[in-house]
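Notes for the one structure printed next.
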Amino acid sequence: MTPDVFENSLAYAQAQDSTDILYSFRERFIFPQHQGKDVRYFCGNSLGLQPKSTSYLMQKELDDWGAFGVEGHTQARNPWLYYHHLFSESLAKIVGAFPDEVVAMNTLTVNLHLLLVSFYRPTKQRYKIIMEAGAFPSDQYAIETQAKLWGFDPNEAIIEVSPRSGEDTIREEDILKAIEDAGSSLALVLFGGVNYYTGQLFNMKGITEAAHRVGAYAGFDLAHAVGNVILKLHDWGVDFACWCSYKYLNSGPGGVGGAYVHRHHGDNPKVFRLAGWWGNEEATRFKMTKGFYPQKGVASWQMSNAPVFNMVAHRASLDIFEKAGMVALREKSDRLTAYLEYLLLQVNNLSFKIITPQAKEARGAQLSLLFGDRGREVFDRLSDAGIVADWREPNVIRIAPVPLYNTFEDVFAFYEILNSIG
Ligand SMILES: *Cc1c(COP(=O)(O)O)cnc(C)c1O
């Protein structure tokens, strides 16, 4: 492939938009307003925009509740008893799995704990967990308390892999070496798919294979990867994963989370799971008898009946993903992010460093800009100019051009405003 050849001009950006097959998808979203105009929204990695269809679908569900009352469980246009089935096909495509390997349920950190209960069952010999240094705090807290739950000192049990001194991102060889070194003491590798702060995309296949070589499980938090990069969880042999739906998946604040468990474990009733009635075999769920019989697949990790109103927004968004397709989205995303990088390297009035890796295989839609002391001021000036970006302490501005609703013109406008701050 020839490298992208870009031009630093509005006309060029507009020409790119005019041939973009995904351009019209932006019409499906509601943009916040700034001085009477759509903002330039670069925050889809934190909270995705609302699809216009969400309120229509929400009203439809409210109408069914009104019309049917309790009978809605079976009589609603999408019967609530089986509501979680509506997500299997589309989620499977997004994460690269079979439909019975994915389920929409709970929220991210809750799912992480539930999966850790199944896949972190340490012994005196095998109890260590490898994770990335600087993981999202919720993940750190989850792992810390899971280690404590089993009576281990988190400082003993958790091995963090850090960037080398003077570097911003983690070298793959260092991850693989840490796994090999931990060897038979390693119970689990738990990594982010894409690190929330640096935007680094990890080689999940390589990490999984390395974990399996030493007899450990590999699980991933896909909060920043799902709906952003191409995932092939089943083929990579990933044991388990979980994600949230309110970032790239546009399913609204606190939106329903998701989980994946490889068939290998999902179809094995001996794998321990904390149980609730929704995970039981559907045929006997309402017999109200003693004894938990897990249904096949990850659906057996469900506890409660589906939070339908939360899931309506998820449907609105996944319908859009079905139509756009991850391959086309990722292709546009690669170019859009590369264009942003190309322009950022020409900003001459401000000093900052892009800490996100340059290689396409090592990043998704996000670029993280590390500023010296003026980061917060720059961020405020961007906000005043109608740019919605994201500020992360201590000094990073994250910019995510999202292929579903961002344009090359958005990226160019961002560059011009940034460059004018000086
Ligand atoms: C966004 C995010 C979370 C948030 O967790 P919730 O349980 O959804 O509140 C957790 N972990 C990572 C890596 C995230 O990016």
| From 38, 20, which residue is over 28 Å from residue 311 (Cα atoms) and not hydrophobic (A, V, I, L, M, F, W, C)? | 20
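Tell me the residue from 360, 296 that is within 21 Å of residue 169 (Cβ to Cβ) and either buried (at least 17 other Cβ atoms within 10 Å of the Cβ) or in contact (Cβ under 8 Å) with a residue 24 or more places away in the chain (or both), please. Let's see the steps before the verdict.
Values: 296 fails: within 21 Å of residue 169 (Cβ to Cβ).
After ruling out the rest, the residue left standing is 360.
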| query | If you take the residues in the stretch 194-222 that are touching a helix residue (DSSP H, G or I) at 6+ places or on another chain (Cβ under 6 Å) and assigned to a loop (DSSP other than H, G, I, E, B), which one is most open to solvent (accessible area, probe 1.4 Å)? | reply | 203
| request: Say whether the condition of being closer than 25 Å to residue 247 by Cβ and either within 16 Å of the ligand (Cβ to nearest atom) or of a type in the set (D, E, K, R) (or both) is met by at least one residue in the stretch 170-183. | output: yes
| Filter result (more than 10 Å from the ligand (Cβ to nearest atom), within 28 Å of residue 392 (Cα to Cα) and among the β-branched types (Val, Ile, Thr)) within the stretch 99-143 | 129, 130, 143
| request: Find the residue count for the stretch 149-165, including only residues that are charged (D, E, K, R) and either part of a helix (DSSP H, G or I) or in contact (Cβ under 8 Å) with a residue 12 or more places away in the chain (or both). | output: 2
| said: Return the residues of the stretch 77-95 that are open to solvent by less than 10 Å² (accessible area, probe 1.4 Å) and without any contact (Cβ under 8 Å) to a residue 60 or more places away in the chain; say none if nothing qualifies. | reply: 92
| List pairs: first in the stretch 50-76 and small (Gly, Ala, Ser), second open to solvent by less than 70 Å² (accessible area, probe 1.4 Å) and assigned to a helix (DSSP H, G or I), Cβ under 6 Å, 6+ apart or cross-chain? | 53/316; 72/64; 72/80; 76/64
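The values are calculated or read from the model by the stated rules, or taken from the named source; none is laboratory data. Model, not experiment: these values are computed from the prediction. Quick reminder, even Gly has a Cβ in these numbers, built from the backbone with ideal geometry, and neighbours come from all protein chains shown. Surface accessibility is based on the protein's heavy atoms, side chains included, excluding ligands, DNA and RNA. Shrake-Rupley method; radii C 1.70, N 1.55, O 1.52, S 1.80 Å.
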